[in-house]
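Here's the structure we're looking at; comments come further down.
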Amino acid sequence: MPAPVSRPDDPALLRIDGAIATITLNRPAAFNSINLAIAQKLEQLAAYIEGDDAIRVLVIEGEGRAFSAGGDLQTIGAAAEANTVTAVVGELLKHYHAFIEIVRRMPKISLSSVHGSAAGAGMGLAFVTDLCIAADDAKFTPAYAKIGVSPDGGSTVGIVGTVGSRRALQIFLAEDNFTAQQAYEWGLVAKTVPAAELKAATRQLAERLAQNPPAAIAGTKSLVYAAATTPVKQQLDAEEHKIIMAMNTEAFRTAVKKFTSKSK
(Lines give C-alpha, C1' and ligand atoms only; values in the text may rest on other atoms or scores of the structure.)
Protein backbone atom coordinates (compact mmCIF):
# COMPACT_ATOMS: atom_id res chain seq x y z
CA MET A 1 0.00 0.00 0.00
CA PRO A 2 1.49 3.40 -0.97
CA ALA A 3 1.98 5.94 1.79
CA PRO A 4 -0.80 8.54 2.12
CA VAL A 5 0.13 11.78 0.38
CA SER A 6 0.05 14.73 2.78
CA ARG A 7 -1.16 18.11 1.52
CA PRO A 8 -0.07 21.30 3.33
CA ASP A 9 -3.63 21.99 4.54
CA ASP A 10 -4.26 18.48 5.92
CA PRO A 11 -5.09 18.51 9.66
CA ALA A 12 -2.32 15.98 10.26
CA LEU A 13 0.75 15.36 8.12
CA LEU A 14 2.82 12.21 7.57
CA ARG A 15 6.54 12.16 6.85
CA ILE A 16 8.56 8.96 6.53
CA ASP A 17 12.34 8.93 6.73
CA GLY A 18 13.76 5.42 6.72
CA ALA A 19 12.46 3.50 9.73
CA ILE A 20 11.00 6.63 11.37
CA ALA A 21 7.51 7.98 10.62
CA THR A 22 6.48 11.40 11.90
CA ILE A 23 2.90 12.57 12.33
CA THR A 24 2.58 16.33 12.71
CA LEU A 25 -0.63 17.74 14.16
CA ASN A 26 -1.36 20.53 11.71
CA ARG A 27 -4.00 22.90 13.05
CA PRO A 28 -1.64 25.57 14.42
CA ALA A 29 -4.24 28.36 14.34
CA ALA A 30 -6.37 26.24 16.70
CA PHE A 31 -3.36 25.09 18.76
CA ASN A 32 -3.76 21.64 17.20
CA SER A 33 -7.03 21.00 19.00
CA ILE A 34 -8.75 17.75 18.10
CA ASN A 35 -11.83 17.91 15.88
CA LEU A 36 -13.44 15.27 13.68
CA ALA A 37 -11.23 16.02 10.67
CA ILE A 38 -7.97 15.57 12.55
CA ALA A 39 -9.27 12.48 14.36
CA GLN A 40 -10.17 10.82 11.07
CA LYS A 41 -6.82 11.72 9.53
CA LEU A 42 -4.91 10.43 12.56
CA GLU A 43 -6.74 7.11 12.39
CA GLN A 44 -5.93 6.81 8.67
CA LEU A 45 -2.25 7.63 9.13
CA ALA A 46 -1.83 5.32 12.13
CA ALA A 47 -3.44 2.43 10.24
CA TYR A 48 -0.94 2.87 7.43
CA ILE A 49 2.02 3.04 9.84
CA GLU A 50 0.85 -0.09 11.66
CA GLY A 51 0.85 -2.02 8.40
CA ASP A 52 4.23 -0.83 7.11
CA ASP A 53 6.83 -3.33 8.31
CA ALA A 54 9.70 -0.98 7.43
CA ILE A 55 8.63 1.56 10.07
CA ARG A 56 9.97 0.93 13.58
CA VAL A 57 9.34 4.27 15.32
CA LEU A 58 6.46 6.75 15.20
CA VAL A 59 7.08 10.33 16.33
CA ILE A 60 4.09 12.58 17.08
CA GLU A 61 4.65 16.34 17.17
CA GLY A 62 2.64 19.55 16.89
CA GLU A 63 2.97 22.41 14.43
CA GLY A 64 3.07 25.99 15.69
CA ARG A 65 3.12 27.23 19.26
CA ALA A 66 1.57 24.20 20.99
CA PHE A 67 1.67 20.42 20.94
CA SER A 68 -2.11 20.19 21.31
CA ALA A 69 -4.78 22.11 23.22
CA GLY A 70 -6.96 18.98 23.46
CA GLY A 71 -10.53 18.64 22.24
CA ASP A 72 -11.88 21.41 20.02
CA LEU A 73 -14.14 23.18 22.53
CA GLN A 74 -15.74 25.38 19.87
CA THR A 75 -17.11 22.31 18.11
CA ILE A 76 -17.97 20.52 21.35
CA GLY A 77 -19.53 23.61 22.93
CA ALA A 78 -21.74 24.19 19.88
CA ALA A 79 -22.87 20.57 20.02
CA ALA A 80 -23.70 20.90 23.71
CA GLU A 81 -25.81 24.00 22.99
CA ALA A 82 -27.63 22.17 20.19
CA ASN A 83 -28.17 19.03 22.31
CA THR A 84 -26.20 16.97 19.77
CA VAL A 85 -23.17 16.33 21.98
CA THR A 86 -23.77 12.56 22.16
CA ALA A 87 -23.66 12.15 18.40
CA VAL A 88 -20.94 14.72 17.72
CA VAL A 89 -18.53 13.72 20.47
CA GLY A 90 -19.32 10.04 19.97
CA GLU A 91 -18.30 10.26 16.30
CA LEU A 92 -15.18 12.27 17.16
CA LEU A 93 -14.04 9.83 19.82
CA LYS A 94 -14.85 6.80 17.66
CA HIS A 95 -12.07 7.85 15.29
CA TYR A 96 -9.72 9.39 17.85
CA HIS A 97 -9.90 6.42 20.20
CA ALA A 98 -9.35 4.08 17.22
CA PHE A 99 -6.16 6.04 16.55
CA ILE A 100 -5.07 5.65 20.19
CA GLU A 101 -5.77 1.91 20.08
CA ILE A 102 -3.53 1.53 17.04
CA VAL A 103 -0.72 3.53 18.65
CA ARG A 104 -0.83 1.34 21.76
CA ARG A 105 -1.08 -2.03 20.01
CA MET A 106 1.17 -1.59 16.97
CA PRO A 107 4.51 -3.44 17.18
CA LYS A 108 6.44 -0.18 16.92
CA ILE A 109 7.62 2.38 19.47
CA SER A 110 5.68 5.66 19.58
CA LEU A 111 7.39 8.82 20.81
CA SER A 112 5.63 12.11 21.53
CA SER A 113 7.71 15.26 21.11
CA VAL A 114 6.08 17.97 23.19
CA HIS A 115 6.59 21.72 23.10
CA GLY A 116 4.41 24.55 24.35
CA SER A 117 1.09 23.47 25.79
CA ALA A 118 -0.33 19.96 26.01
CA ALA A 119 -3.83 20.19 27.50
CA GLY A 120 -6.73 17.81 28.00
CA ALA A 121 -6.68 15.18 25.25
CA GLY A 122 -3.41 16.75 24.07
CA MET A 123 -1.88 15.93 27.43
CA GLY A 124 -3.38 12.47 27.13
CA LEU A 125 -1.78 12.02 23.70
CA ALA A 126 1.62 13.06 25.06
CA PHE A 127 1.49 10.30 27.66
CA VAL A 128 -0.40 7.54 25.83
CA THR A 129 2.58 7.10 23.53
CA ASP A 130 5.24 4.65 24.64
CA LEU A 131 7.74 7.41 25.42
CA CYS A 132 7.66 11.20 25.67
CA ILE A 133 10.41 13.78 25.18
CA ALA A 134 9.59 17.36 26.11
CA ALA A 135 10.99 20.84 25.84
CA ASP A 136 11.95 22.08 29.28
CA ASP A 137 9.39 24.90 29.02
CA ALA A 138 6.51 22.62 28.00
CA LYS A 139 3.40 22.82 30.17
CA PHE A 140 0.85 20.09 30.82
CA THR A 141 -2.72 21.03 31.73
CA PRO A 142 -5.27 18.36 32.73
CA ALA A 143 -8.19 20.78 32.08
CA TYR A 144 -10.97 18.21 32.40
CA ALA A 145 -12.26 18.90 35.91
CA LYS A 146 -12.32 22.65 35.27
CA ILE A 147 -14.99 22.19 32.62
CA GLY A 148 -16.85 19.54 34.57
CA VAL A 149 -15.88 16.41 32.67
CA SER A 150 -13.77 13.29 33.14
CA PRO A 151 -10.69 12.36 31.07
CA ASP A 152 -10.77 10.98 27.53
CA GLY A 153 -8.41 10.51 24.60
CA GLY A 154 -6.41 7.80 26.33
CA SER A 155 -5.49 10.07 29.24
CA THR A 156 -6.21 7.46 31.90
CA VAL A 157 -4.61 4.71 29.79
CA GLY A 158 -1.22 6.39 29.62
CA ILE A 159 -1.09 8.21 32.94
CA VAL A 160 -2.51 5.67 35.41
CA GLY A 161 -0.27 2.90 34.10
CA THR A 162 2.76 5.10 34.69
CA VAL A 163 2.10 6.97 37.94
CA GLY A 164 -0.55 4.86 39.71
CA SER A 165 -4.05 5.73 40.82
CA ARG A 166 -3.28 8.21 43.61
CA ARG A 167 -0.94 10.37 41.56
CA ALA A 168 -3.38 10.16 38.64
CA LEU A 169 -6.20 11.48 40.84
CA GLN A 170 -3.89 14.29 41.94
CA ILE A 171 -3.08 15.14 38.32
CA PHE A 172 -6.66 15.14 37.09
CA LEU A 173 -8.38 16.75 40.09
CA ALA A 174 -5.80 18.79 42.02
CA GLU A 175 -3.37 20.16 39.44
CA ASP A 176 -4.13 23.24 37.33
CA ASN A 177 -1.01 22.45 35.34
CA PHE A 178 2.44 20.98 35.80
CA THR A 179 5.85 21.42 34.24
CA ALA A 180 8.01 19.19 32.07
CA GLN A 181 10.35 18.76 35.05
CA GLN A 182 7.48 17.52 37.25
CA ALA A 183 6.39 15.16 34.47
CA TYR A 184 9.96 13.87 34.28
CA GLU A 185 10.09 13.30 38.06
CA TRP A 186 6.78 11.39 37.89
CA GLY A 187 8.08 9.15 35.12
CA LEU A 188 5.78 10.54 32.41
CA VAL A 189 8.58 12.15 30.40
CA ALA A 190 11.71 10.23 29.47
CA LYS A 191 13.85 13.29 28.82
CA THR A 192 13.64 17.08 28.90
CA VAL A 193 15.75 19.30 26.65
CA PRO A 194 16.00 23.03 25.93
CA ALA A 195 13.22 24.09 23.57
CA ALA A 196 15.66 25.01 20.80
CA GLU A 197 17.08 21.48 20.89
CA LEU A 198 13.80 19.55 20.91
CA LYS A 199 13.67 18.62 17.22
CA ALA A 200 17.28 17.47 17.11
CA ALA A 201 16.98 15.56 20.40
CA THR A 202 13.75 13.92 19.23
CA ARG A 203 15.43 12.79 16.04
CA GLN A 204 18.42 11.45 17.96
CA LEU A 205 16.20 9.46 20.33
CA ALA A 206 14.03 8.17 17.48
CA GLU A 207 17.13 6.98 15.62
CA ARG A 208 18.38 5.26 18.77
CA LEU A 209 15.04 3.48 19.20
CA ALA A 210 14.93 2.51 15.53
CA GLN A 211 18.21 0.60 15.93
CA ASN A 212 16.30 -2.07 17.83
CA PRO A 213 15.24 -4.97 15.57
CA PRO A 214 11.47 -5.25 14.93
CA ALA A 215 11.09 -8.47 16.94
CA ALA A 216 12.72 -6.86 19.97
CA ILE A 217 10.45 -3.80 19.74
CA ALA A 218 7.26 -5.79 19.19
CA GLY A 219 7.94 -8.39 21.86
CA THR A 220 9.10 -5.91 24.50
CA LYS A 221 6.17 -3.54 23.98
CA SER A 222 3.52 -6.25 24.18
CA LEU A 223 5.10 -7.87 27.24
CA VAL A 224 5.51 -4.62 29.14
CA TYR A 225 1.91 -3.54 28.65
CA ALA A 226 0.56 -7.00 29.52
CA ALA A 227 2.67 -7.43 32.66
CA ALA A 228 0.46 -5.44 35.04
CA THR A 229 -2.69 -7.48 34.40
CA THR A 230 -1.43 -10.91 33.34
CA PRO A 231 -1.06 -13.85 35.77
CA VAL A 232 2.59 -14.79 36.35
CA LYS A 233 2.47 -18.17 34.56
CA GLN A 234 0.75 -16.64 31.54
CA GLN A 235 3.28 -13.79 31.44
CA LEU A 236 6.20 -16.23 31.66
CA ASP A 237 4.73 -18.30 28.84
CA ALA A 238 4.41 -15.13 26.76
CA GLU A 239 8.03 -14.22 27.53
CA GLU A 240 9.13 -17.68 26.36
CA HIS A 241 7.10 -17.41 23.16
CA LYS A 242 8.31 -13.90 22.29
CA ILE A 243 11.99 -14.54 22.94
CA ILE A 244 12.04 -17.77 20.93
CA MET A 245 10.33 -15.96 18.05
CA ALA A 246 12.99 -13.24 18.21
CA MET A 247 15.81 -15.79 18.41
CA ASN A 248 14.63 -17.28 15.13
CA THR A 249 15.34 -14.04 13.25
CA GLU A 250 18.41 -13.15 11.22
CA ALA A 251 18.86 -9.99 13.33
CA PHE A 252 19.38 -12.12 16.45
CA ARG A 253 21.79 -14.52 14.75
CA THR A 254 23.86 -11.60 13.44
CA ALA A 255 23.90 -9.85 16.83
CA VAL A 256 24.98 -13.01 18.67
CA LYS A 257 27.80 -13.67 16.19
CA LYS A 258 29.01 -10.10 16.64
CA PHE A 259 28.87 -10.36 20.46
CA THR A 260 30.58 -13.75 20.70
CA SER A 261 33.35 -12.75 18.29
CA LYS A 262 34.17 -9.76 20.54
CA SER A 263 34.31 -11.89 23.69
CA LYS A 264 36.89 -14.31 22.32
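Contact order, relative form, for the chain: 16 percent (alpha carbon pairs under 8 Å, 6 or more residues apart, mean separation divided by residue count).
Summarising the overall dimensions of segment 1-123 from its C-alpha atoms, the Rg and Dmax are 14.4, 47 angstrom.
So for segment 214-262, considering every pair of alpha-carbon atoms, how many percent are separated by more than 12 Å? Walk me through the numbers on the way to the answer.
Working: 766 of 1176 pairs.
Cα-Cα pairs in segment 214-262 separated by more than 12 Å: 65 percent.
So, counting K/R as plus one and D/E as minus one, what does the shell of residues with Cβ under 12 Å around T129 add up to? Around T129, the charge tally is +1. Note on the chain: with charges restricted to the Cβ of Lys and Arg (+1) and Asp and Glu (-1), its dipole about the Cα centre is near 940 debye. Modelled spin-label separation between K191 and E50, with each label point placed 7 Å from Cα along the Cα-to-Cβ direction: 2.8 nm. Identify the residues of segment 5-39 with backbone N under 19 Å of a label point that sits 7 angstrom from the Cα of N177 along the Cα-to-Cβ direction, or state none. Those under the cut-off are 28-34.
So what is the diffusion coefficient of the chain in µm² per second by Stokes-Einstein at 37 °C and 0.692 mPa s, using a Kirkwood Rh over Cα pairs?
On the way: Rh = 19.4 Å.
Rounded, D is 169 µm²/s.
In Å², what does the accessible area per residue of the chain work out to with a 1.4 Å probe?
Details: 13840 Å² over 264 residues.
Ligands and nucleic acids excluded, the figure is 52 Å² per residue.
The values are calculated or read from the model by the stated rules, or taken from the named source; none is laboratory data. Note that the structure is a prediction, hence the values are computed from the model and not measured. Please note: Cβ atoms are built from the backbone with ideal geometry, for glycine as well, and neighbour counts cover all protein chains shown. Surface accessibility is based on the protein's heavy atoms, side chains included, excluding ligands, DNA and RNA. Shrake-Rupley method; radii C 1.70, N 1.55, O 1.52, S 1.80 Å.
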